[in-house]
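The values are calculated or read from the model by the stated rules, or taken from the named source; none is laboratory data. Note that this is a predicted model, so its numbers are computed, not measured. As a convention, Cβ positions derive from the backbone with ideal geometry for all residues, glycine included, and neighbour counts pool all protein chains shown.
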């Protein structure tokens, strides 16, 4: 018997576009800029946001850091964090989001790191394990672990949606300080 098609998991392009428009409106309302730090999504969050016309008015930068070296050089992730917890961890996601926010003039940042598959999973961190972190300037970072089902595209698509929803929650929580 053939394995079922797993690509049906996750939001459609139209749903991602709707979430991006909501993030854009929330960011513009607060007159801040957004920045992304991405590993497993390969820039898909930044692409989704910048697919919107006029995004240069509220989107500052997107950084894709797959390797340990890139995470260290571009986002300031500490080598000991990577050695101790690995790239897919709460600690790494928090250092990624803090580094992204400190390196750019943005008011909100999101960072994602995970195992999209089809290989690379372990018993402790199976394929579909993703850490997402969010931070607003002047606020405390927040991170959450997810276990997304499906193939590589499905995991990445669900990660993009969760990252955008988290940005909306962070913006709505009033965590922004001058």
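Residues of the stretch 51-74 that are in a helix (DSSP H, G or I) and in contact (Cβ under 8 Å) with a residue 12 or more places away in the chain: 55, 57, 68, 71, 74. Any chance you could count how many residues in the stretch 22-46 are surrounded by fewer than 20 Cβ atoms within 10 Å (Cβ to Cβ), out of contact with any helix residue (DSSP H, G or I) (no Cβ under 9 Å at 6 or more places or on another chain) and closer than 26 Å to residue 152 by Cα? Here the count works out to 1.
Each residue in the stretch 93-114 was checked for being under 12 Å from the mean Cα position of the chain (by Cα), buried (at least 24 other Cβ atoms within 10 Å of the Cβ) and either over 15 Å from residue 65 (Cα atoms) or without any contact (Cβ under 8 Å) to a residue 60 or more places away in the chain (or both), and 3 pass. Has the stretch 149-160 got any residue that is surrounded by fewer than 20 Cβ atoms within 10 Å (Cβ to Cβ), without any contact (Cβ under 8 Å) to a residue 40 or more places away in the chain and more than 14 Å from residue 10 (Cβ to Cβ)? Among the residues of the stretch 149-160, not one is surrounded by fewer than 20 Cβ atoms within 10 Å (Cβ to Cβ), without any contact (Cβ under 8 Å) to a residue 40 or more places away in the chain and more than 14 Å from residue 10 (Cβ to Cβ), which makes the answer no. Taken as a whole, the structure places residue 74 among residues that are over 25 Å from residue 154 (Cα atoms), in contact with a strand residue (DSSP E or B) (Cβ under 7 Å, 6 or more places away or on another chain), modelled with pLDDT of 95 or more and surrounded by 14 or more Cβ atoms within 10 Å (Cβ to Cβ).
Restricting 123, 118, 141 to residues that are more than 15 Å from the chain's Cα centre (by Cα) and touching a residue at least 12 places away in the same chain (Cβ under 8 Å) narrows the list to 118. Being within 14 Å of the chain's Cα centre (by Cα) and closer than 23 Å to residue 93 by Cα: is that true of residue 49 here? The answer is yes for residue 49. When 85, 7 are screened for being modelled with pLDDT under 95 and over 13 Å from the mean Cα position of the chain (by Cα), only 7 passes. Would you check if there is a residue in the stretch 32-46 being under 26 Å from residue 172 (Cα atoms) and free of Cβ contacts under 8 Å to residues at least 40 places away in the same chain? Yes, the stretch 32-46 contains a residue that is under 26 Å from residue 172 (Cα atoms) and free of Cβ contacts under 8 Å to residues at least 40 places away in the same chain.
Residues of the stretch 135-159 that are out of contact with any strand residue (DSSP E or B) (no Cβ under 8 Å at 6 or more places or on another chain) and farther than 19 Å from residue 101 by Cβ: 149, 150, 151, 152, 153, 154, 156, 157.
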